[in-house]
Amino acid sequence: MSESAPSNQRILVGVSGGIAAYKAVTLVRRLVEAGCEVRVVMTESATRFVAPLTFQAVSGHPVRTTLLDAEAESGMDHIALARWAEQIVIAPASADLMARLAAGMADDLLSTLCLASTAPVQLAPAMNQQMWAHPATQANRDVLLKRGVCLLGPDAGSQACGETGAGRMMEPEAIASAVLADTGAPSRDLAGQRLVVTAGGTREPIDPVRFIANRSSGRMGFALAAEAARRGADVTLIAGPSALPTPAGVTRMDVQTAAEMQAAVEAIETMDLFIGAAAVADYRVADPAGQKLKKQGETMTLELLRNPDILQGVADRAERPFVIGFAAETERLVEHAETKRRAKGMDLICANRVGENLGFDTPDNALLLLWEGGRRDLPKADKTRLAGEVLDTYQQIRQEKHASR
Ligand code: PMT
């Protein structure tokens with residue numbers, strides 16, 4: 001974020017009432033630092049948590065709090081403000097505000113602006129976990145998503161109310177990154193970092209014309225490589241067979257088998273971050289035939305040998321990088337992913353529930369990120385957006401580790 005190029009975007013930040021309102025101050029600061037012009041609108045209840053003057057100081061502009069304010073309306077009236085905004089970001093978005101937006105209400109300035117503006121709206125929900133889980137809030141969430149509103153979070157974890165669960169506002173740095181990604185402003189926060197990504201499936205030959213493979217298209221890994229390169233990282237993409245174009249600024253190495261993928265990874269001695277997005281075959285044919293196999297009996301048996309675990313090899317290095325792995329599961333997502341994370345010594349695992357038009361060979365995915373002491377649910381979105389959020393989470397964990405030293 002520190003090296004972001006000025007974006008010049010006009011962003012309206014809405015703040016609704018909740019304890020997370022104080023974190024919106026950091027969000028506004030980050031956006032202003034990135035070169036955005038920011039106007040803040042607070043709901044009446046938000047002003048009980050943070051004084052408007054605080055937001056005025058960080059945004060450099062007066063803060064609007066009421067719809068029927070004759071003095072403010074004589075300057076930039078609310079319709080002009082709605083037209084001015086190129087993006088609307090509401091953080092925190094309370095359960096009440098989400099309900100009012102879903103119902104199309106215009107009973108205060110912030111909800112009126114959302115109705116009167118054509119700008120894309122992003123919400124960072126923040127509320128008690130039970131309120132978030134309530135069917136009414138979930139129904140409002142679905143309505144808003146269908147209408148094209150983008151949700152940033154919420155995160156899961158311990159809450160100000162003392163409970164634990166999903167409902168905590170995403171960290172302001174992560175919100176700022178997501179918002180800036182939409183402005184096209186290239187955040188260069190990964191500059192100087194060396195990243196290796198594996199992507200796609202491997203092909204394990206049976207004979208010269210047949211192989212064992214899986215449905216991985218490479219999209220998830222390519223999106224991670226593209227996003228990291230866009231953010232300034234030095235990226236090597238080690239890809240199984242895939243028709244996807246090489247992302248800009250990325251060094252690509254094409255491989256076929258798990259053994260070739262392993263050799264390519266092992267040849268890279270130093271890296272800061274390793275991401276295993278590939279669906280590597282767990283087994284290979286023990287003795288692939290040199291010539292095309294002929295039909296013989298009614299059944300045929302292939303002897304398979306276990307492939308080496310590429311990610312494990314990286315995690316076991318003496319000078320190990322930060323290791324991110326993936327888990328594609330069809331059942332018991334959290335349990336299986338957490339077991340994999342611990343067994344392989346990953347710093348972060350991205351679990352995807354595959355099937356149901358998600359995961360393999362689809363433009364969209366939904367991920368559950370798990371790390372020691374943390375969890376983040378990333379609802380269905382295109383793989384490019386998810387890649388950005390995985391990298392934001394990586395940055396957040398690194399910064400937290402650094403701060404606790
Ligand atoms: O390519 P797409 O069509 O976009 O699909 C994306 C995806 C669904 C393939 C991707 O998001 C994903 O989930 N990849 C991991 C698939 C998986 O189930 O991995 P696994 O559980 O077999 O392995 C766990 C981790 O160890 C993975 O990070 C894997 O890359 C790594 N691994 C596994 C086996 C092996 N021999 N070497 C490895 O490095």
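The values are calculated or read from the model by the stated rules, or taken from the named source; none is laboratory data. This structure is a prediction, so every number in the text was calculated from the model and none was measured. Positions of Cβ are backbone-derived with ideal geometry, glycine not excepted, and every protein chain shown enters the neighbour counts. To get the accessible areas, we keep the full protein, side chains included, count just its heavy atoms, and leave off ligands, DNA and RNA. Shrake-Rupley method; radii C 1.70, N 1.55, O 1.52, S 1.80 Å.
Which of (1) surrounded by 17 or more Cβ atoms within 10 Å (Cβ to Cβ); (2) over 29 Å from ARG210 (Cα atoms); (3) out of contact with any Pro (no Cβ under 6 Å at 6 or more places or on another chain) does ALA279 not meet, given it meets every other one?
(2)
Can you tell me which of (1) touching a residue at least 40 places away in the same chain (Cβ under 8 Å); (2) surrounded by fewer than 20 Cβ atoms within 10 Å (Cβ to Cβ); (3) farther than 24 Å from VAL390 by Cβ is the one GLY162 doesn't meet?
Failing condition for GLY162: (1).
Out of the stretch 60-81, which residues are in a helix (DSSP H, G or I), surrounded by 16 or more Cβ atoms within 10 Å (Cβ to Cβ) and without any contact (Cβ under 8 Å) to a residue 60 or more places away in the chain?
ALA72, GLU73, HIS78
Report whether or not THR118 is out of contact with any strand residue (DSSP E or B) (no Cβ under 6 Å at 6 or more places or on another chain) and open to solvent by 60 Å² or more (accessible area, probe 1.4 Å). Write out each step before concluding.
Details: out of contact with any strand residue (DSSP E or B) (no Cβ under 6 Å at 6 or more places or on another chain): yes; open to solvent by 60 Å² or more (accessible area, probe 1.4 Å): yes.
The answer is yes for THR118.
Restricting the stretch 246-271 to residues that are assigned to a loop (DSSP other than H, G, I, E, B) and among the polar types (S, T, N, Q), which is surrounded by the fewest Cβ atoms within 10 Å (Cβ to Cβ)? Lay out the reasoning, then the answer.
Narrowing the stretch 246-271 to residues assigned to a loop (DSSP other than H, G, I, E, B): 246-249, 255-257, 267-271.
Filter once more, so that each one left must be among the polar types (S, T, N, Q): 246, 256-257, 270.
On the way: THR246: 15, GLN256: 15, THR257: 20, THR270: 9.
Of everything passing the filter in the stretch 246-271, THR270 is surrounded by the fewest Cβ atoms within 10 Å (Cβ to Cβ).
Within the stretch 313-330, take every residue that is among the acidic types (Asp, Glu) and within 13 Å of the ligand (Cβ to nearest atom) and give me the one that is surrounded by the most Cβ atoms within 10 Å (Cβ to Cβ). Talk me through it step by step, then tell me what you get.
If we filter the stretch 313-330 for residues that are among the acidic types (Asp, Glu), which is where we start, we get 316, 319, 329.
Now drop any that are not within 13 Å of the ligand (Cβ to nearest atom), which leaves 316, 329.
Details: ASP316: 12, GLU329: 18.
Among residues in the stretch 313-330 that are among the acidic types (Asp, Glu) and within 13 Å of the ligand (Cβ to nearest atom), the one surrounded by the most Cβ atoms within 10 Å (Cβ to Cβ) is GLU329.
In this structure, is LEU391 open to solvent by less than 10 Å² (accessible area, probe 1.4 Å), more than 11 Å from the ligand (Cβ to nearest atom), in contact with a Lys or Arg (Cβ under 6 Å, 6 or more places away or on another chain) and closer than 24 Å to PRO247 by Cβ?
Values: open to solvent by less than 10 Å² (accessible area, probe 1.4 Å): yes; more than 11 Å from the ligand (Cβ to nearest atom): yes; in contact with a Lys or Arg (Cβ under 6 Å, 6 or more places away or on another chain): no; closer than 24 Å to PRO247 by Cβ: yes.
So LEU391 fails the test.
Right, ALA174: more than 11 Å from the ligand (Cβ to nearest atom) and not in a loop (DSSP other than H, G, I, E, B) or not? Steps first, answer last, please.
Details: more than 11 Å from the ligand (Cβ to nearest atom): yes; not in a loop (DSSP other than H, G, I, E, B): yes.
It is true that ALA174 is more than 11 Å from the ligand (Cβ to nearest atom) and not in a loop (DSSP other than H, G, I, E, B).
I'm told ILE310 meets every condition in (1) closer than 25 Å to GLU227 by Cβ; (2) open to solvent by 100 Å² or more (accessible area, probe 1.4 Å) except one. Can you identify the failing condition by its number?
(2)
Here are the criteria: (1) within 16 Å of the ligand (Cβ to nearest atom); (2) in contact (Cβ under 8 Å) with a residue 40 or more places away in the chain; (3) open to solvent by less than 60 Å² (accessible area, probe 1.4 Å). Tell me which single one ARG284 does not satisfy.
Result: ARG284 passes all but (3).
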